[in-house]
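Everything on this sheet refers to the single structure shown next.
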Amino acid sequence: MSSNQEALPAKTSPPKPTIANFDPVAMKAPFYLRVGAVAFDYLLIVIWPVLGLLLGRTLGIDGAKLLTGELNNVAWLIAILVGLSNGILLPLVTGQSLGKMAAGLRIVASDGGHPPVGSMIFRQTLGYLLTLGSLGLGFLFSVFSSKGRALHDYISGTEVVFGSTIVRKKS
């Protein structure tokens with residue numbers, strides 16, 4: 001470098017948000033709160049086809065028309081859209097489904113920060129399928145784990161914590 005050229009500072013990315021004073025054992029999400037959050041999410045999906053059937057019966061639609069009609073198709077389409085947005089998109093962006101928000105739970109990476117996009121997509125899709133494929137035993141992992149991690153948390157490198165205050169790490 002010549003004497004009149006100064007070295008430019010290296011670009012650094014801002015620190016990623018993380019939970020203040022993160023302690024996964026102390027912040028372990030209680031099993032029953034996790035069950036309640038999943039039940040809440042399930043009800044948000046199931047309510048639409050039920051409402052479609054009830055509305056169809058109220059309008060006098062009967063028999064096969066009730067199950068194969070447009071009203072039923074629209075109700076199932078809404079249920080699918082709610083399921084995808086609440087089960088994949090919302091956790092991907094916020095780290096919480098609506099059920100987790102209501103229960104005060106959050107999905108975080110092992111260091112307390114927001115999990116990588118790939119990990120979240122894997123957790124919310126294949127991770128849940130593998131946990132369900134274990135006949136629900138994958139959910140019971142969270143009862144016996146010191147950090148409350150279920151099978152899909154172990155394989156995606158995430159944890160579910162109760163309560164969180166996200167702050168920026170100081171560099």
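Since every read-out is calculated from the coordinates, none of them should be taken as a lab result. Because the structure is a prediction, the values reported are computed rather than measured.
Descriptive notes on the structure:
- Calculated log₁₀ intensity ratio I(q)/I(0) where the Debye formula runs over C-alpha points of segment 18-166, q = 0.12, 0.17, 0.22 Å⁻¹: -0.55, -0.90, -1.33
- All alpha carbon pair distances within segment 30-92 were sorted into 10 Å bins beginning at 0; the resulting P(r) in whole percents reads 22, 39, 25, 12, 1.
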